[in-house]
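Report on the structure given below.
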Amino acid sequence: MKKTVLIALLVLAVSCGQKPHYIAVSGYTQGGAYTVKFSSRDVVASREEIRDGIDSILTLVDTTLSGYNKLSMLSRFNAGETIRPNSVFMEIYSLSRKWFEESGGAFDVAAGPLYDAWGFGFKNDRLPSDEAVASILSSCGMARLRPSIEEALSPDGTLDPENLLLDGGALPVLNFNAIAQGYTSDLVAQWLRGKGVRDRLVDIGEIFCDGLNPGGKPWAVGVDRPVDGNDTPGKDIERVWYSSGGPCGIVTSGNYRKYYVVDGVKYSHTIDPRSGYPARNNLLSATVVAPDATTADAVATWCMVIGTDEAKRLISGRPELEGFLIFSEGEEMKEWASEGFFTSDL
């Protein structure tokens with residue numbers, strides 16, 4: 001997550017009739033580009049206030065949750081320093097604990113050392129040995145940590161990483177990458193709603209949308225084709241999803257952009273924190289629609305860990321979720337969509 005730099009504030013649609021103005025704010029954050037589009041109708045803030053408010057939220061997230069910003073709260077915590085956790089740090093820990101418990105450990109933000117060992121975390125390393133994986137696995141994971149940060153706080157409100165431990169072993173190392181972008185999209189979307197904005201799309205790597213687009217229709221989002229080498233979002237789209245017009249998050253997780261090959265074996269960035277090894281299943285990408293982007297982000301990661309069949313059951317068994325899975329079957333690429341996931345071919 002890099003420091004945010006706002007680079008554009010553009011009016012997308014202007015009319016002296018009934019159509020509202022649409023504004024786009026874009027820039028770079030969390031290691032990639034972001035875009036926020038919204039209608040200015042009924043907004044109780046100036047364009048400059050909106051721009052500055054978004055910038056403040058993204059900067060707060062970067063200085064709190066980034067593992068690449070060495071001065072962030074998370075980096076200092078992972079280095080063993082005592083910190084004074086803010087509301088963002090405490091809330092995302094609480095949400096992460098919730099998904100850890102619901103997923104049976106398939107979603108685990110305290111498995112950071114495993115991502116580092118496999119070369120997908122905040123450090124680069126060579127392929128780990130089985131012995132190294134076993135050692136790392138025994139010294140990480142949310143099962144070793146207190147359910148809430150509040151339980152570990154000192155009377156002065158500070159958090160010593162050692163106090164978060166239940167077992168007194170190796171100090172915890174956290175990595176919120178599997179949920180931070182969805183969480184950030186929700187923070188921005190909620191702040192915009194507080195300023196009177198309903199029609200909005202917040203894309204910070206993961207998407208939250210509500211209301212209508214500049215054409216007066218519900219938002220549409222492309223789902224990328226999960227093929228190796230498809231490194232540019234939107235360049236090779238498999239399907240287009242259409243929202244119902246209500247608030248929701250939509251997130252796609254996949255194994256086709258972050259991976260490497262050693263001795264002919266492909267190692268993906270989806271690590272199964274229960275085994276300590278990259279997930280080995282035929283699921284290529286999971287697109288999840290949920291009431292918010294944080295939920296969609298966590299569930300999409302969960303799906304990639306458990307694979308196609310379990311992901312189908314997970315999505316079908318929760319009425320608040322919709323999903324679209326792309327998976328391999330032999331040499332073929334196949335699709336599955338839940339009943340309420342509305343798409344069209346290009």
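The values are calculated or read from the model by the stated rules, or taken from the named source; none is laboratory data. Just so you know, these numbers come straight off a predicted model, no measurement behind them. Don't worry about glycine lacking a Cβ; one is built from the backbone with ideal geometry, like all the others, and counts go over all protein chains shown.
Table: residues versus (1) surrounded by fewer than 20 Cβ atoms within 10 Å (Cβ to Cβ); (2) more than 20 Å from Ala298 (Cβ to Cβ); (3) not assigned by TED's automatic domain parsing to the domain that holds Trp302.
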| site | (1), (2), (3) |
| --- | --- |
| Glu81 | yes, yes, yes |
| Phe89 | no, no, yes |
| Trp99 | no, no, yes |
| Val109 | no, no, yes |
| Trp118 | no, yes, yes |
| Ala134 | yes, yes, yes |
| Ser138 | yes, yes, yes |
| Thr158 | yes, yes, yes |
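Pairing each residue of region 70-83 that is at positive phi with any residue that is of a type in the set (A, V, I, L, M), provided the two are 6+ apart or on different chains, yields C-beta distances under 8 Å for Gly80/Leu171.
Could you say which residue among Arg257, Arg200 is at pLDDT 90 or above and among the basic types (Lys, Arg)? Working first, answer last.
Values: Arg257 fails: at pLDDT 90 or above.
The unique qualifying residue is Arg200.
Can you pull out the residues in region 135-174 that are part of a helix (DSSP H, G or I) and modelled with pLDDT of 95 or more?
Restricting attention to region 135-174, the residues satisfying the condition of being part of a helix (DSSP H, G or I) are 135-138, 142-144, 149-152, 161-164.
Met142, Ala143, Arg144, Ile149, Glu150, Glu151, Ala152, Pro161, Glu162, Asn163, Leu164, listed by residue number.
Is there a residue in region 117-129 that is at pLDDT 95 or above and within 21 Å of Thr184 (Cα to Cα)? No: zero hits.
Hey, any hits in region 111-121 for a residue that's free of Cβ contacts under 8 Å to residues at least 60 places away in the same chain and over 20 Å from the mean Cα position of the chain (by Cα)?
Taking every residue of region 111-121 in turn, at least one turns out to be free of Cβ contacts under 8 Å to residues at least 60 places away in the same chain and over 20 Å from the mean Cα position of the chain (by Cα).
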